[in-house]
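*Asks:* Mind having a look at this structure? Questions to follow.
The values are calculated or read from the model by the stated rules, or taken from the named source; none is laboratory data. These figures come from a predicted structure and were not determined experimentally. For neighbour counting, all protein chains shown are included, and Cβ atoms are generated from backbone atoms with ideal geometry for every residue, glycine included.
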Amino acid sequence: MNCQVKVKDRVGTINPIFTCQPAGAQFASIGVKDCIGIVHGGQGCVMFVRLLISQHLKESFEIASSSVHEDGAVFGALDRVETAVDVLLMRYPHVKVVPIITTCSTEVIGDDVDGLITKLEEGLLAEKYAGREVHLLAIHSPSFVGSMVSGYDVAVRDFVKKFAKKGEPSEKINLLTGWVNPGDVKELKHLVSELGVEANVLFEIESFDSPLMPDGTAVSHGNTTIADLEATGSAMHTFALNRYEGGKAAQYLEKKFKIPSTIGPTPIGIRNTDALVKKLSQVTGKPIPASLVKERGIALDAISDVAHMFLADKKVAIYGAADLVIGLAEYCLDLEMRPQLLLLGDDNAGYVNDPRIKALQDNVDYPMEIITNADFWELENRIKNEGLELDLILGHSKGRFISIDYNIPMVRVGFPTYDRAGIYRNPVVGYGGATWLAEQMANALFTDMEHKKNKEWLLNVW
């Protein structure tokens with residue numbers, strides 16, 4: 001078998017690719033309108049995650065903390081949550097949704113957040129905030145299991161479980177975007193709109209590419225409303241574009257409300273975007289419009305300009321979230337590139353049964369490694385000590401030093417990306433994303449050719 005799936009063979013982690021579950025839950029929560037989450041844990045569980053997301057999006061947003069200290073870590077800290085909910089509701093009169101996001105410390109000590117929510121609903125909310133719409137929900141995201149990816153997946157499911165209602169059958173679809181950028185949400189909504197389809201989008205974060213207005217507005221908010229979340233229970237179909245970032249919510253809606261679902265493939269590249277568009281057309285009965293056919297043609301033209309001459313046979317390493325990594329690998333193969341190493345940064349045992357990975361194992365005709373629970377040492381060690389030769393690296397900014405130290409060009413994609421301007425604004429998905437990715441990879445290789453004076457003369461006659 002040319003394509004092998006392996007688990008990292010070390011117990012420790014050297015330079016992790018991912019951060020923890022609460023980060024994913026926090027990213028999901030900022031997509032909901034009139035929502036401010038309370039992270040039940042130490043102050044750092046908010047501060048560092050908020051910094052990471054702010055660096056990536058270059059925007060400010062609001063997440064609160066119960067600020068658990070040493071005594072709470074020993075004796076329990078539910079009183080901190082009670083105070084946090086009260087202060088939050090007093091300070092922000094517009095807030096309607098308050099997810100309480102647990103962390104490793106509060107899960108270890110066994111704080112009964114679900115029981116506390118019942119107490120608050122019967123006490124504080126009924127007495128002090130009577131007549132005000134406030135929804136509390138618990139999102140259990142201990143850091144000692146999973147990763148930011150599974151934390152996001154759990155949070156999407158929990159938002160849906162809290163709000164979804166069965167109403168009159170709707171012509172809308174549920175569009176679960178996964179952990180993507182504002183530019184991706186804009187591209188996905190464009191595809192759906194061109195087909196004439198209405199969607200409940202989880203989550204509408206394109207507003208995080210926000211304007212700087214004369215009134216001084218500086219805080220961004222997601223735009224998925226409570227009504228949108230409620231409507232997910234009446235949709236005609238659920239499209240979860242990422243298996244591991246929304247799949248749980250799609251499965252819940254199918255089981256609870258009998259809403260059929262399509263999970264994946266992640267619409268990266270022409271092939272996977274075609275699959276999404278065809279399925280949308282099939283489910284809704286809407287014909288594929290000429291406008292999307294033209295956009296597809298523009299993407300194909302852009303790809304043909306660079307693929308055979310510059311991208312074909314280039315050796316690539318890709319790291320990050322599984323859905324993104326697999327989608328990028330499939331696209332690279334379509335471009336005649338040769339992904340050598342795929343690093344999936346958490347310990348999900350289900351990866352080995354992923355049909356996309358099985359397809360890679362069946363069809364790849366050269367040596368390829370897929371490492372689960374991977375860290376950056378898996379990449380650096382292969383370059384430094386095992387002779388792995390690469391033409392390009394695809395991944396988020398945390399791998400930048402490997403690119404620098406070993407003089408390998410790199411295209412930033414995924415979360416977090418903080419050392420290049422405007423990455424969050426550009427889509428990776430859809431036909432627009434296919435164009436952007438192909439041209440970004442080509443431009444990175446062009447710059448490398450110039451820097452290393454490697455066939456740089458080709459750029460004069462291209």
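*Asks:* Might you check whether a residue that is closer than 22 Å to Glu230 by Cβ, touching a residue at least 40 places away in the same chain (Cβ under 8 Å) and under 26 Å from the mean Cα position of the chain (by Cα) occurs anywhere in region 113-134?
*Replies:* Scanning region 113-134, I find no residue that is closer than 22 Å to Glu230 by Cβ, touching a residue at least 40 places away in the same chain (Cβ under 8 Å) and under 26 Å from the mean Cα position of the chain (by Cα), so the answer is no.
*Asks:* Restricting to region 409-458, name every residue that is in contact with a Pro (Cβ under 8 Å, 6 or more places away or on another chain) and not in a helix (DSSP H, G or I).
*Replies:* Within region 409-458, just Val429 meets the criteria.
*Asks:* From Phe48, Phe27, which residue is part of a helix (DSSP H, G or I), closer than 27 Å to Thr232 by Cα and under 19 Å from the mean Cα position of the chain (by Cα)?
*Replies:* Residue meeting the stated conditions: Phe27.
*Asks:* Another one. In region 354-369, what residues are more than 20 Å from the chain's Cα centre (by Cα) and outside any helix (DSSP H, G or I)?
*Replies:* Val364, Asp365, Tyr366, Pro367, Met368, Glu369 - these are the residues of region 354-369 that are more than 20 Å from the chain's Cα centre (by Cα) and outside any helix (DSSP H, G or I).
*Asks:* Restricting to region 112-133, name every residue that is in a loop (DSSP other than H, G, I, E, B) and either among the aromatic types (Phe, Trp, Tyr) or in contact with a strand residue (DSSP E or B) (Cβ under 7 Å, 6 or more places away or on another chain) (or both).
*Replies:* Selection gives Tyr129 alone.
*Asks:* So is Arg271 surrounded by fewer than 20 Cβ atoms within 10 Å (Cβ to Cβ), more than 15 Å from Phe163 (Cα to Cα) and among the charged types (D, E, K, R) or not?
*Replies:* yes
*Asks:* Can I ask one more? Of all residues in region 337-382, which are among the hydrophobic types (A, V, I, L, M, F, W, C) and out of contact with any helix residue (DSSP H, G or I) (no Cβ under 8 Å at 6 or more places or on another chain)?
*Replies:* Within region 337-382, Ala349, Val352, Ala359, Ala374, Trp377 meet the criteria.
*Asks:* Just one of Val98, Val85, Val81 is over 25 Å from Pro211 (Cα atoms), touching a His at 6+ places or on another chain (Cβ under 9 Å), touching a residue at least 12 places away in the same chain (Cβ under 8 Å) and part of a helix (DSSP H, G or I); which is it?
*Replies:* Step by step, each of Val98, Val85, Val81 is checked, and only Val81 is over 25 Å from Pro211 (Cα atoms), touching a His at 6+ places or on another chain (Cβ under 9 Å), touching a residue at least 12 places away in the same chain (Cβ under 8 Å) and part of a helix (DSSP H, G or I).
*Asks:* Please specify each residue of region 63-78 satisfying the condition of being within 24 Å of Ser147 (Cα to Cα) and assigned to a helix (DSSP H, G or I).
*Replies:* Within region 63-78, Ala73 is the sole residue that qualifies.
*Asks:* Can you find even one residue in region 5-16 that is over 22 Å from Ala374 (Cα atoms) and either under 28 Å from the mean Cα position of the chain (by Cα) or assigned to a loop (DSSP other than H, G, I, E, B) (or both)?
*Replies:* no
*Asks:* Let me ask something else. Here are Ala218, Ala199: which of them is modelled with pLDDT of 95 or more and under 25 Å from Ile30 (Cβ atoms)?
*Replies:* Ala199
*Asks:* Could you count how many residues in region 142-164 are modelled with pLDDT of 95 or more and touching a Ser or Thr at 6+ places or on another chain (Cβ under 7 Å)?
*Replies:* Result for region 142-164: 6.
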